[in-house]
Structures are given as C-alpha cells and as structure tokens.
Amino acid sequence: MEPTIQSYIEAYKGKPTNKLQEDEIFWKHLVEAPIEKFVKVVFIKGIKGRQYGSLVESSIRDRLAYDDKYEEEEEIALGGLADFFENLNLETRTSISYRWPSSSSVLEVTFSSYVSIPEKASYIVDNAHVALAILEWIVGERSISSSTMMSIVENISKFE
C-alpha cells in the first residue's frame, strides 16, 4: 500500500478493520482516488489462461451489464483481454499484474512467468468502464476476494 493513498482516506484512519471492510463509501474513495493503483495476482495453483480469461470476461461483463454500462465497446475490450489470456499457461507462481495509471483511464495488464521458461506479455485495456470494473472486481466493495479486502483494510489500519 503506497503512502500516497493516505490523504485520500484520512477519514478512515483508526476505524476497526471489520467496519472498513463493510463501508461502501470507503471502497468508493479507495477506488476513485486519483493515484496510480497496482495489483499483482500470483497464482498458487495452476490454471489455463482460457479459464482465467473466461472468469474475468464473464465477471466483468455481468458487473457492467448490472450497472448498465455494457455496450459494444466494452464487449470488444473484454474480448481482447480474454484473447490475451487465451494461450497463457498460468502455472503455480506465475503472475498477472494490473496497473491503473493515475493520468489515464486505461489498464495495463502484464503476465510474467519465471517458472520454467522466462516469459512476459502485456496488454492494454483501453476502455474506462472495463478498466474501472476490473479494479472494483479486485479491490472494490464488491471484490471477488474477501482475503484481498481484509489485507487492504489491515494495511490501511497500520497507517499512522
């Protein structure tokens, strides 16, 4: 957790982690803070890229459709991301990095593997709705991972 986030979530310092985890406004402030965000997903169990891409595509499509933000442009952006994941071998200890630069509405996705053969590949999601939906999917109030949410609030509670 970068210290630059502190000024955007100052009001939440000292709150108990269980309260932060349930606070919709906190997650909104965290996601909307105009700073660079970076998340690295390390696979603890191997999965085919096609499976992971399908999971991301269907989850984000459902979120966008629910929010009435799923149009042809979002379908194209999600399809491109799914295609990027299609032939990747996401072995144990490989990683996917997600980076949301503060100066734009794109998402940079990078695959890295150092397991058998060093490999690296990147993809740019150039659609603001898709980029934001993926951020919210990973670290937002409707995150897919309660352990990720808990890790975030525990790190924030350590800020002085």
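What Rg and what Dmax come out for the stretch 72-160 when only alpha-carbon atoms are used, in angstroms?
Taking only Cα atoms of the stretch 72-160, I get Rg and Dmax of 14.8, 45 Å.
In a GNM of the chain with a 10 Å cut-off on Cα contacts, which of 65, 121, 11 has the highest mean-square fluctuation?
11
Grab the other residues whose beta carbon is less than 15 angstrom from that of residue 140, score K and R as +1, D and E as -1, and report the net.
On the way: positive: 28, 37, 63, 69, 142; negative: 22, 23, 24, 32, 62, 67, 136, 141.
Combined, the nearby Lys, Arg, Asp and Glu give -3.
Taking a cut-off of 21 Å between Cα atoms, list the lysines near residue 19, but don't count ones fewer than 8 places away on the same chain.
28, 158
FRET efficiency for residue 54 and residue 114, Cβ-Cβ distance as r, R0 = 22 Å, nearest 0.05?
Computed FRET efficiency for residue 54 and residue 114 comes out at 0.30.
Which pairs break 25 Å Cα to Cα here: 48/120; 48/69; 13/45; 45/120; 40/120?
Working: 48/120 16 Å; 48/69 28 Å; 13/45 35 Å; 45/120 19 Å; 40/120 14 Å.
Pairs exceeding the cut-off: 48/69; 13/45.
By how many nm would the segment from residue 154 to residue 95 lengthen if fully extended, with 0.36 nm per residue of separation less the alpha-carbon distance?
Details: separation 59, 0.36 × 59 = 21.24 nm, distance 2.29 nm.
Additional length available on full extension: 19.0 nm.
For the chain, take the convex hull of the Cα atoms, compute a quarter of its surface area, and give me that in nm², please.
Details: hull surface 37.7 nm².
Dividing the Cα hull surface by four gives the mean projection, 9.4 nm².
None of the figures in this text is laboratory data; all of them are computed from the coordinates on show. Please read all numbers here as calculations on a predicted model, not as lab measurements. Backbone-built Cβ (ideal geometry, glycine too); neighbour counts: all protein chains shown.
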